[in-house]
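One structure is given here, and the rest of the page talks about it.
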Amino acid sequence: QVQLVESGGGLVQPGGSLRLSCAASGSSFSFNDMGWYRQGPGKQRELVAAITRSGRTNYADSVKGRFTISRDNAKNTVYLQMNSLKPEDTAVYYCKVEGPYNYWWGQGTQVTVSS
(Lines give C-alpha, C1' and ligand atoms only; values in the text may rest on other atoms or scores of the structure.)
Protein backbone atom coordinates (compact mmCIF):
# COMPACT_ATOMS: atom_id res chain seq x y z
CA GLN A 1 0.00 0.00 0.00
CA VAL A 2 1.46 3.35 -1.06
CA GLN A 3 1.77 5.94 1.67
CA LEU A 4 2.65 9.61 1.24
CA VAL A 5 4.14 11.76 3.99
CA GLU A 6 4.17 15.51 3.46
CA SER A 7 6.18 18.02 5.43
CA GLY A 8 7.37 21.60 5.30
CA GLY A 9 4.24 23.69 5.64
CA GLY A 10 3.81 26.49 8.12
CA LEU A 11 3.35 30.20 8.67
CA VAL A 12 5.51 32.62 6.70
CA GLN A 13 5.49 36.34 6.06
CA PRO A 14 4.83 37.74 2.58
CA GLY A 15 7.99 37.53 0.51
CA GLY A 16 9.25 34.56 2.48
CA SER A 17 10.07 31.02 1.40
CA LEU A 18 9.06 27.49 2.27
CA ARG A 19 10.04 24.08 0.96
CA LEU A 20 7.51 21.27 0.88
CA SER A 21 8.48 17.60 0.69
CA CYS A 22 6.40 14.53 -0.10
CA ALA A 23 7.93 11.10 0.41
CA ALA A 24 6.22 8.03 -1.06
CA SER A 25 6.73 4.56 0.33
CA GLY A 26 5.29 1.09 -0.05
CA SER A 27 5.53 0.76 -3.82
CA SER A 28 7.25 -1.89 -5.88
CA PHE A 29 7.10 0.21 -9.03
CA SER A 30 8.36 3.56 -10.26
CA PHE A 31 6.09 6.56 -10.09
CA ASN A 32 5.18 8.47 -13.22
CA ASP A 33 3.98 12.04 -12.75
CA MET A 34 4.30 13.64 -9.32
CA GLY A 35 2.74 16.94 -8.47
CA TRP A 36 1.49 19.49 -6.00
CA TYR A 37 -2.04 20.83 -5.76
CA ARG A 38 -3.57 23.34 -3.39
CA GLN A 39 -6.98 24.25 -2.05
CA GLY A 40 -7.54 27.70 -0.63
CA PRO A 41 -10.44 28.74 1.60
CA GLY A 42 -13.67 28.51 -0.37
CA LYS A 43 -11.85 27.44 -3.52
CA GLN A 44 -11.54 24.27 -5.55
CA ARG A 45 -8.36 22.22 -5.55
CA GLU A 46 -6.02 23.38 -8.30
CA LEU A 47 -2.78 22.22 -9.86
CA VAL A 48 0.27 24.12 -8.68
CA ALA A 49 3.08 22.21 -10.38
CA ALA A 50 3.80 18.78 -11.80
CA ILE A 51 6.89 16.90 -12.90
CA THR A 52 7.30 13.82 -15.05
CA ARG A 53 9.70 11.00 -14.26
CA SER A 54 12.13 12.41 -16.81
CA GLY A 55 11.97 15.86 -15.21
CA ARG A 56 9.66 17.79 -17.48
CA THR A 57 7.75 20.37 -15.46
CA ASN A 58 4.46 22.22 -15.68
CA TYR A 59 3.38 25.19 -13.54
CA ALA A 60 0.25 27.17 -12.88
CA ASP A 61 0.61 30.68 -14.28
CA SER A 62 0.17 32.15 -10.81
CA VAL A 63 3.35 30.51 -9.49
CA LYS A 64 5.66 30.62 -12.52
CA GLY A 65 8.97 32.22 -11.63
CA ARG A 66 8.36 31.83 -7.89
CA PHE A 67 7.91 28.09 -7.30
CA THR A 68 10.17 25.23 -8.38
CA ILE A 69 9.19 21.58 -8.40
CA SER A 70 11.81 18.83 -8.32
CA ARG A 71 12.00 15.13 -7.53
CA ASP A 72 14.44 12.50 -6.37
CA ASN A 73 13.49 9.24 -8.07
CA ALA A 74 15.82 7.19 -5.89
CA LYS A 75 13.99 8.45 -2.80
CA ASN A 76 10.49 8.57 -4.38
CA THR A 77 10.26 12.13 -3.12
CA VAL A 78 8.90 15.28 -4.71
CA TYR A 79 9.71 18.79 -3.53
CA LEU A 80 8.19 22.22 -3.98
CA GLN A 81 10.41 25.21 -3.34
CA MET A 82 8.20 28.26 -2.85
CA ASN A 83 9.78 31.72 -2.95
CA SER A 84 8.33 35.22 -2.89
CA LEU A 85 5.22 33.90 -1.20
CA LYS A 86 2.06 35.98 -1.32
CA PRO A 87 -1.04 35.96 0.90
CA GLU A 88 -2.98 34.44 -1.99
CA ASP A 89 -0.71 31.39 -1.81
CA THR A 90 -2.36 30.51 1.50
CA ALA A 91 -3.90 27.05 1.12
CA VAL A 92 -3.65 23.42 2.05
CA TYR A 93 -1.07 21.88 -0.27
CA TYR A 94 -1.45 18.27 -1.37
CA CYS A 95 0.98 16.07 -3.23
CA LYS A 96 -0.23 13.57 -5.78
CA VAL A 97 1.75 10.70 -7.24
CA GLU A 98 0.78 8.47 -10.14
CA GLY A 99 1.66 4.83 -10.60
CA PRO A 100 1.08 2.64 -13.65
CA TYR A 101 -2.60 2.06 -12.85
CA ASN A 102 -3.49 4.26 -9.88
CA TYR A 103 -2.76 7.52 -8.09
CA TRP A 104 -2.48 8.62 -4.47
CA TRP A 105 -2.91 11.85 -2.50
CA GLY A 106 -0.99 13.10 0.48
CA GLN A 107 -2.76 14.18 3.65
CA GLY A 108 -2.16 17.86 2.99
CA THR A 109 -0.01 20.46 4.67
CA GLN A 110 -1.13 23.97 5.58
CA VAL A 111 0.73 26.94 4.16
CA THR A 112 -0.24 30.33 5.56
CA VAL A 113 1.26 33.54 4.23
CA SER A 114 0.50 36.42 6.53
CA SER A 115 2.17 39.32 8.29
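The values are calculated or read from the model by the stated rules, or taken from the named source; none is laboratory data. Treat the numbers as computed from the prediction; the structure is a model and nothing was measured. As a convention, Cβ positions derive from the backbone with ideal geometry for all residues, glycine included, and neighbour counts pool all protein chains shown. The accessibility values were calculated without ligands, DNA or RNA, using every heavy atom of the protein model including side chains. Shrake-Rupley method; radii C 1.70, N 1.55, O 1.52, S 1.80 Å.
Per-structure values
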{"read-out": "Most mobile of G40, G15, G26 in a GNM of the chain (Cα contacts under 10 Å)", "value": "G26"}
{"read-out": "Size of electric dipole in the chain: Cβ of Lys, Arg +1 and of Asp, Glu -1, about Cα centre, debye, nearest 20", "value": "120 debye"}
{"read-out": "Count of lysine pairs in the chain with Cα separation under 21 Å (8 or more residues apart, or interchain)", "value": "6"}
{"read-out": "Selected from G16, G42, G99 as most flexible by GNM, with the chain as the system and alpha-carbon contacts under 10 Å", "value": "G42"}
{"read-out": "Segment N32-Q3, extension gain: residue separation times 0.36 nm, minus the distance between their alpha carbons", "value": "8.9 nm"}
{"read-out": "Charge dipole (the chain, unit charges on Cβ, about Cα centre) - positive-most of S28, T68, L4", "value": "T68"}
{"read-out": "Range of Cα positions in the chain per principal axis (Å), largest first", "value": "44, 24, 23"}
{"read-out": "Segment 23-77: relative contact order as a whole-number percent, Cα under 8 Å and 6+ apart", "value": "34 percent"}
{"read-out": "Percentage relative contact order, segment 75-115, counting C-alpha pairs under 8 Å, at least six apart", "value": "41 percent"}
{"read-out": "Q39 paired with T68, simple spin-label distance in nm, labels 7 Å along Cα-to-beta-carbon", "value": "3.0 nm"}
{"read-out": "Value of relative contact order over the chain, rounded to a whole percent, pairs C-alpha under 8 Å and six or more apart", "value": "36 percent"}
{"read-out": "Accessible surface, the chain, averaged per residue in Å² (probe 1.4 Å)", "value": "54 Å²"}
{"read-out": "Antiparallel bridge percentage (DSSP; both residues within the chain; nearest 5)", "value": "90 percent"}
